[in-house]
Amino acid sequence: MNFQAENKKQREVRWNAMVKIERTFTKTKETMNKLRLMIIGVLLAAGMSCSSENEDDIQPDPSGNRCEDVSSTLSGDVQSIITSNCATSGCHVSGTGRVDFTDKQNIIEYASTINSYTQSGFMPPSGSGHSLTAGEKDKIFCWVSAGAQDN
């Protein structure tokens with residue numbers, strides 16, 4: 001009896017060890033399959049993004065040349081656009097709790113924010129009765145891109 005009980009115990013230990021090994025192998029196999037799929041996905045995405053056979057076929061980003069034909073200065077262009085569309089009664093003037101854009105230094109200090117908000121169409125708000133033309137947005141963009149100088 002003792003021999004059979006010992007033998008049964010050893011078989012049970014071996015069986016549990018084999019089950020653990022099989023589970024580990026299965027998990028490793030699943031992980032490898034997932035890894036293979038991820039690598040294939042990355043390679044496919046890279047291949048699709050580089051589908052042009054010739055660098056000359058790649059069209060330049062039109063925003064890269066956006067300021068080529070636009071000359072913009074603070075005093076000659078941007079300040080009047082801001083005054084007409086932003087520094088109006090109830091908006092960006094003194095006493096409203098907002099940045100006062102009647103002050104030229106504030107326009108310079110907040111140039112990046114002005115650019116972001118006007119390019120996205122967030123400002124001027126749709127209910128304000130004001131809007132910027134594409135040309136006015138270009139003037140602001142180009143002035144900021146050139147360093148938002150006091151010129």
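For V70, the shell of other residues with beta-carbons less than 13 Å away shows a net charge of -2, using +1 for Lys and Arg and -1 for Asp and Glu.
Counting Lys +1, Arg +1, Asp -1, Glu -1, what net charge surrounds T88 among other residues with beta carbon under 15 Å of its beta carbon? Intermediate results must be reported in sequence, preceding the final value.
On the way: positive: R98; negative: D100, D103, E136.
Residues close to T88 contribute a combined charge of -2.
Look at the dipole of segment 69-139 built from charges on Cβ: of Q105, C91, S71, the Cα furthest out on the positive end belongs to C91.
Any idea what % of Cα-Cα pairs in segment 74-151 are farther than 18 Å? Summing the P(r) tail past 18 Å for segment 74-151 gives 31 percent.
Scoring 116-122, 7-13 by mean Cβ neighbours within 10 Å over their residues and listing the highest first yields 116-122, 7-13.
Where a number appears in this text, it was derived from the coordinates with a stated rule and is not lab data. Note that this is a predicted model, so its numbers are computed, not measured. Here Cβ is always computed from backbone atoms with ideal geometry, including for glycine, and neighbour counts include all displayed protein chains.
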